[in-house]
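Heads up, the thing below is written out as structure tokens.
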Amino acid sequence: MICVTIARETNDELRRSWESAAESGATLVEIRLDYLAEPVDWTLLLRDKPTPVLVTVRRTIDGGRWSGREQERRSLIVEACHNGADWVDIEMDIAQELPRTGISRRVISFHDMLSTPADLDAITDACRAGDADLIKMAVMAHSLNDALRLLDAVARSHSISPTMGLSMGDWGQFTRVANARFGQSWTYAAFDATASPAPGMITFADLKTIYGYNRISSSTKLFAVIGDPVSHSKSPLIHNLAFQHHQLDMVYVFLRISPADLDGFIRRMTDWGFAGLSVTIPHKETVIPLLDQVDPLVSLTGSCNTIIACKNEGLRGYNTDLGAALDSLKEAVGGGAQALIGKQVLLLGAGGVARSLAFGLNQAGAKVVITNRTHQRALELAREVGVEVADWADRNRVAGESAIIVNATSVGMHPKIDESPLDSSSIHAHQVVFDTIYTPEWTRLLLDAKLAGAVTLSGIGMFIRQACAQSQMFTDGLEPPLGSMAKALRLTLKSA
Ligand code: NAP
């Protein structure tokens with residue numbers, strides 16, 4: 001169940017927002033009385049309730065806004081019980097001083113806005129001792145391990161009595177979706193993105209539509225994109241769309257993992273219910289030694305962007321980036337499988353994507369020239385692949401002589417959208433210019449190329465194709481809804 005949290009300054013606004021949440025399908029609403037800038041009007045708020053309600057008056061130390069006297073706050077909680085609140089939230093440390101009264105059930109809560117404490121079991125025990133119908137822990141995570149530790153503690157406590165746990169911040173944001181997989185009673189959602197009362201809280205609309213939260217159960221298979229940072233990723237949007245299209249019992253979240261936590265997580269990913277992962281910066285290379293088997297493309301490129309947990313065979317790594325980039329490029333150049341043979345390609349960059357492309361373009365018969373801001377990296381990559389290298393300072397001249405230009409640097413990516421790795425004068429008609437960047441779709445480089453009359457190709461096609469190839473692996477070969485995935489991606493990029 002999703003509990004929609006609504007925080008407003010007046011009783012009127014609070015009631016109206018609650019009514020519209022109910023119209024949008026909310027079945028439980030938390031009203032945050034600590035945000036009210038006027039006295040509580042119980043009659044207006046609780047008469048003919050639009051949905052069952054949880055009443056909360058949060059203190060500032062717990063992330064709330066209550067600025068009045070503590071005695072007054074406690075009186076409000078008691079009044080809520082006598083005015084028909086279905087649930088009240090009472091903090092662990094005062095729970096024993098506020099005995100059960102009226103018909104309201106009690107959420108006994110613990111908040112730590114700064115860290116995930118070491119003694120989580122002691123905290124759930126103390127909440128239980130406060131006469132809890134539901135124990136809630138909301139704590140700040142500073143690593144994926146913090147979030148996993150919380151989930152472990154919640155599972156231990158939940159086996160005794162109903163317990164839920166939410167990790168705040170983007171390290172723990174996945175717990176707001178995945179907690180349903182672990183049998184927890186509900187998750188909290190913000191009614192609107194602009195008034196989110198807790199760090200990392202997802203909106204009601206996104207939880208319902210992107211994640212299909214109400215369909216998640218203990219049998220749901222988990223998938224994720226792992227990276228650091230990763231909260232900007234559009235992968236949950238498009239992968240969940242594919243899962244929902246086929247009505248599969250699967251959900252896809254994002255997981256921020258630091259390099260230090262990667263090993264520990266990968267080894268336990270199936271214990272946590274993860275059946276597959278997309279891998280992004282900075283883990284594409286470092287994850288490879290942690291896998292049981294890798295596809296030949298991973299061995300060739302040294303880069304893995306997909307992990308599948310195979311029954312009885314452990315974890316297998318794949319690279320869907322390269323096929324996606326080459327297919328997009330061949331389509332733009334024309335001429336099918338032979339499209340790239342003998343064509344000079346200037347490859348800008350020597351990072352993860354450039355590395356895969358260098359091997360793939362070379363194998364497809366192109367005459368590759370690598371250039372990179374850090375020349376040493378270009379030299380090493382060119383030597384490894386067996387292709388040419390050009391000085392970064394000479395890139396505009398080489399670009400002018402090349403049939404195909406591929407930008408695999410991050411120059412021109414959001415937010416520095418006015419930058420381009422090349423002078424506009426080095427691009428001409430009859431060239432194909434491929435920018436792997438997809439935020440924005442039309443980079444400065446591609447706009448210049450279009451103006452010069454060149455054929456242009458953005459990173460969107462590559463992104464969608466690599467995601468479709470992953471989706472087929474995640475879903476045992478089902479055809480992903482490519483058109484709607486591309487449309488959803490473009491829409492969300494436009495509104496960002
Ligand atoms: P990476 O490993 O971090 O490599 C970044 C590359 O950009 C390096 O060659 C780096 O040069 C260069 N660079 C960064 N800032 C620069 C600057 N100010 N001037 C010149 N060069 C600069 O990243 P990656 O994973 O390879 O990603 C590269 C690009 O591919 C990104 O733009 C990303 O958006 C795109 N991408 C697209 C898709 C897709 O599906 N379309 C998927 C993944 C990535 P140094 O070696 O000198 O640092």
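Quick one: in region 442-461, which of the residues that are within 10 Å of the ligand (Cβ to nearest atom) and in a loop (DSSP other than H, G, I, E, B) is most open to solvent (accessible area, probe 1.4 Å)?
Filtering region 442-461 for residues that are within 10 Å of the ligand (Cβ to nearest atom) and in a loop (DSSP other than H, G, I, E, B), the one most open to solvent (accessible area, probe 1.4 Å) comes out as S458.
Sort out which residues of region 405-431 are modelled with pLDDT of 95 or more and more than 16 Å from the ligand (Cβ to nearest atom), and write them in order of number.
S424, S425, I427, H428, A429, Q431 - these are the residues of region 405-431 that are modelled with pLDDT of 95 or more and more than 16 Å from the ligand (Cβ to nearest atom).
Of everything in region 103-135, what is in contact with a Cys (Cβ under 8 Å, 6 or more places away or on another chain) and surrounded by 14 or more Cβ atoms within 10 Å (Cβ to Cβ)? Give them in sequence order.
S104, I108, S109, F110, I135, listed by residue number.
Of all residues in region 386-404 being surrounded by 15 or more Cβ atoms within 10 Å (Cβ to Cβ) and in a loop (DSSP other than H, G, I, E, B), which is nearest to the ligand (Cβ to nearest atom)?
That would be A390.
Of all residues in region 372-385, count the ones that are crowded, with 19+ Cβ neighbours inside 10 Å and either part of a helix (DSSP H, G or I) or in contact with a Phe, Trp or Tyr (Cβ under 6 Å, 6 or more places away or on another chain) (or both).
Within region 372-385, the subset crowded, with 19+ Cβ neighbours inside 10 Å is 372, 378, 381-382, 385.
The next check asks that each one be either part of a helix (DSSP H, G or I) or in contact with a Phe, Trp or Tyr (Cβ under 6 Å, 6 or more places away or on another chain) (or both); those that pass are 378, 381-382, 385.
Here the count works out to 4.
Could you please find all residues in region 462-496 being in contact (Cβ under 8 Å) with a residue 24 or more places away in the chain, surrounded by fewer than 20 Cβ atoms within 10 Å (Cβ to Cβ) and among the basic types (K, R)?
Hit for region 462-496 is R490, nothing else.
Wholly within region 279-371, which strands (runs of 3 or more DSSP E) include no fewer than the required count, namely at least 2 residues that are in contact (Cβ under 8 Å) with a residue 40 or more places away in the chain and within 13 Å of the ligand (Cβ to nearest atom)?
Here the list reads 344-348.
Within the bounds of region 463-476, is there any residue that is more than 10 Å from the ligand (Cβ to nearest atom), small (G, A, S) and not in a helix (DSSP H, G or I)?
No: zero hits.
Listed here are the residues, each with its yes/no results for (1) in contact (Cβ under 8 Å) with a residue 24 or more places away in the chain; (2) open to solvent by 20 Å² or more (accessible area, probe 1.4 Å); (3) not in a loop (DSSP other than H, G, I, E, B).
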{"residue": "A205", "(1), (2), (3)": "yes, yes, yes"}
{"residue": "S233", "(1), (2), (3)": "yes, yes, no"}
{"residue": "P236", "(1), (2), (3)": "yes, no, yes"}
{"residue": "N240", "(1), (2), (3)": "yes, no, yes"}
{"residue": "F243", "(1), (2), (3)": "yes, no, yes"}
{"residue": "L248", "(1), (2), (3)": "yes, yes, no"}
{"residue": "D271", "(1), (2), (3)": "no, yes, no"}
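Mind listing whichever residues of region 11-42 are open to solvent by less than 40 Å² (accessible area, probe 1.4 Å) and free of Cβ contacts under 8 Å to residues at least 40 places away in the same chain?
N11, L14, R15, W18, A22, V29, I31, D34, L36, V40
Got at least one residue in region 341-351 being touching a His at 6+ places or on another chain (Cβ under 6 Å), under 30 Å from V287 (Cα atoms) and open to solvent by 10 Å² or more (accessible area, probe 1.4 Å)?
Residues of region 341-351 touching a His at 6+ places or on another chain (Cβ under 6 Å): none.
Within region 341-351, none of the residues are touching a His at 6+ places or on another chain (Cβ under 6 Å), under 30 Å from V287 (Cα atoms) and open to solvent by 10 Å² or more (accessible area, probe 1.4 Å).
The values are calculated or read from the model by the stated rules, or taken from the named source; none is laboratory data. Everything numeric here is computed off the predicted structure, so don't read it as measured data. When we count neighbours, we look across all protein chains shown, and the Cβ atoms used for this are built from the backbone with ideal geometry, even at glycine. Please note that ligands, DNA and RNA were not included when accessible areas were found on the heavy atoms of the full protein model with its side chains. Shrake-Rupley method; radii C 1.70, N 1.55, O 1.52, S 1.80 Å.
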